[in-house]
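The block underneath contains the structure these notes are about, expressed in structure tokens.
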Amino acid sequence: MRFGASVKAWLRSHLDLIDGVFAALLTVISVAGLEYRDFAGAVFRAPNVWGVILAVLSTAPLAVRRRYPVTVSVVAIGAFMALGFFDFSSVIGSLTTTVMIYTVGVHSTVVRGLLVTLASLCGSLAYLAVKQDMFSAVDVRFDAWGVASQAVLILGVWSFARTVRARRLYVGDLEDRAARLERTASAEVRAALAEERARMARELHDVVAHHVSVMTVQAAAARRMLPRAPERSVEAMQAVEETGRAALDEMRRIVGALRSVDPGDTQPAGQLSPQAGVAELAPLLDRAREAGLEVELTVVGEPRPLPSSLDLAIYRVVQESLTNTLKHAGPTRAAVLLRYEPEAVVVGVTDDGNRKRSVITTRAVVTDRLGHGLVGMRERVTLNGGTLRTGSRAVGGFEVLATLPLNGATS
């Protein structure tokens, strides 16, 4: 089965070569056929230069019949008719005519193909009428039956060729449509993969940036306390260890979520740890407090179940905001507000800033905060149909305020 498909594919890719070999073979037979002087009582003239030229013209052009079907048909069929009218023998002229009528039917327009076919039919009938004495020897007569049989034969070949053409066009259209659908599906898959990669990049950034910032602050605190209070430095390093383990656990969860999309992965998605959300805000604030940040959470309104994307977005906004506070303001005070409104959830994070820094330094810090973290945070909020406002506060410090509509979230 595979061998047959390979042969078929090879033949389709070498049609010009096949036509060339076919035309060369017919040309040899056509020239050699000029030597036939007598056939069933019909006498032909001796071959000469003009006979050889006409014999070659009736077959050699078939090498390019697919490229120039009408031109080749006119030349080949005209040369065959000339051979007959000048009494030269042509043993394969009828085969050449049949091949060319089929060719114009398949590879030319309906008007041109039909004109060539009708011209061939008229030429054949004229030849039959002029050479009645010769054809009577082989019991072919110019009468109603003879005319009808010629018409049925020639028009039948052309009609069959048109049917083949229609089927090829239909199959080609189906193949093109399938190719377009495949390209569309492939583009959709690539877009989905790109979207998933962007989402996972945000996830990895949020996880790594937060935990590394906490670990950096805790490690610095341990280094400063080591000469004065070794026991407290040990506690700080234990906090670094726990934060590192938490980071590894979240990274494993993210990578596991990526692998679960793979059809070849046998790990059930249900074995993955729960996705971060509002319920995990308390442990998040505890880690921030261990890093030296005084932070309080205020919840206004009645808590309610939230779509997963909205739940995760709230968690990431708080996480990124606290990460930026630890990174740029150092140990200070921060406040987290979570307000449930009838049609939206508002989450805000404010800090007092580093009061030891000058106004110029604070402005530089605010500018520096507008990096990948806030860009990813804004993108996440926008994807949930919300708005994000960030900037310095009039009383000092930095503020992040996100409004996430409940009807704009995607679960």
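Considering only residues that are under 54 Å from the mean Cα position of the chain (by Cα) and of a type in the set (V, I, T), look in the stretch 48-59 and name the one that is most open to solvent (accessible area, probe 1.4 Å). Top of the filtered list is V56. Within the stretch 224-240, the residues that satisfy the criterion of being open to solvent by 90 Å² or more (accessible area, probe 1.4 Å) and not in a loop (DSSP other than H, G, I, E, B) are R224, E231, R232, E235, M237, Q238. Which residues, counting only those in the stretch 283-292, are closer than 11 Å to L326 by Cα and without any contact (Cβ under 8 Å) to a residue 60 or more places away in the chain? The one that is closer than 11 Å to L326 by Cα and without any contact (Cβ under 8 Å) to a residue 60 or more places away in the chain: R289.
Checking each residue in the stretch 325-350 for being at pLDDT below 90 and touching a Gly at 6+ places or on another chain (Cβ under 6 Å) picks out A329, P331. For the stretch 94-114, state whether one or more residues are free of Cβ contacts under 8 Å to residues at least 40 places away in the same chain and over 22 Å from F22 (Cβ atoms). So far as the stretch 94-114 goes, yes, one or more of its residues are free of Cβ contacts under 8 Å to residues at least 40 places away in the same chain and over 22 Å from F22 (Cβ atoms).
A quick yes/no check of all residues on (1) modelled with pLDDT of 90 or more; (2) surrounded by fewer than 21 Cβ atoms within 10 Å (Cβ to Cβ); (3) of a type outside the set (A, V, I, L, M); (4) in contact with a Gly (Cβ under 8 Å, 6 or more places away or on another chain):
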{"residue": "V21", "(1), (2), (3), (4)": "yes, yes, no, no"}
{"residue": "V28", "(1), (2), (3), (4)": "yes, yes, no, no"}
{"residue": "E35", "(1), (2), (3), (4)": "no, yes, yes, no"}
{"residue": "D38", "(1), (2), (3), (4)": "no, yes, yes, no"}
{"residue": "A46", "(1), (2), (3), (4)": "no, yes, no, no"}
{"residue": "P61", "(1), (2), (3), (4)": "yes, no, yes, no"}
{"residue": "V64", "(1), (2), (3), (4)": "yes, yes, no, no"}
{"residue": "I77", "(1), (2), (3), (4)": "yes, no, no, yes"}
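A search for C-beta distances below 7 Å between a residue of the stretch 8-26 that is more than 27 Å from A79 (Cα to Cα) and any residue that is surrounded by 11 or more Cβ atoms within 10 Å (Cβ to Cβ), counting only pairs 6+ apart in sequence or on different chains, returns L11/I18.
Conditions tested, residue by residue: (1) assigned to a helix (DSSP H, G or I); (2) open to solvent by 60 Å² or more (accessible area, probe 1.4 Å); (3) at pLDDT 90 or above; (4) within 23 Å of Y68 (Cβ to Cβ).
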{"position": "L118", "(1), (2), (3), (4)": "yes, yes, yes, yes"}
{"position": "G123", "(1), (2), (3), (4)": "yes, no, no, yes"}
{"position": "A129", "(1), (2), (3), (4)": "yes, no, no, no"}
{"position": "D139", "(1), (2), (3), (4)": "no, yes, no, no"}
{"position": "G156", "(1), (2), (3), (4)": "yes, no, yes, no"}
{"position": "F160", "(1), (2), (3), (4)": "yes, yes, yes, yes"}
{"position": "G172", "(1), (2), (3), (4)": "yes, no, no, yes"}
{"position": "A185", "(1), (2), (3), (4)": "yes, no, no, no"}
{"position": "E188", "(1), (2), (3), (4)": "yes, yes, no, no"}
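For the stretch 90-105, give me each residue that is polar (S, T, N, Q), open to solvent by less than 40 Å² (accessible area, probe 1.4 Å) and either in a helix (DSSP H, G or I) or more than 16 Å from D38 (Cα to Cα) (or both). Listed by number, the residues that qualify are T96, T97, T103.
Among the criteria (1) closer than 21 Å to A119 by Cβ; (2) modelled with pLDDT under 90; (3) hydroxyl-bearing (S, T, Y), the one S73 does not fulfil is (2).
Restricting attention to the stretch 293-311, the residues that are part of a loop (DSSP other than H, G, I, E, B) and either of a type in the set (A, V, I, L, M) or surrounded by 14 or more Cβ atoms within 10 Å (Cβ to Cβ) (or both) add up to 3.
The requirement of being surrounded by fewer than 21 Cβ atoms within 10 Å (Cβ to Cβ) and within 54 Å of the chain's Cα centre (by Cα) is fulfilled nowhere in the stretch 82-89; no residue meets it.
Close contacts from the stretch 218-236, counting a first residue that is in contact (Cβ under 8 Å) with a residue 60 or more places away in the chain and within 14 Å of E290 (Cβ to Cβ) and a second that is open to solvent by 40 Å² or more (accessible area, probe 1.4 Å) and acidic (D, E), with Cβ to Cβ under 7 Å and a gap of 6+ residues or different chains, come to Q218/E290.
The values are calculated or read from the model by the stated rules, or taken from the named source; none is laboratory data. Computed from a predicted model, the values in this text were never measured in an experiment. Glycine gets a Cβ as well: all are built from the backbone with ideal geometry, and neighbour counts include every protein chain shown. Please note that ligands, DNA and RNA were not included when accessible areas were found on the heavy atoms of the full protein model with its side chains. Shrake-Rupley method; radii C 1.70, N 1.55, O 1.52, S 1.80 Å.
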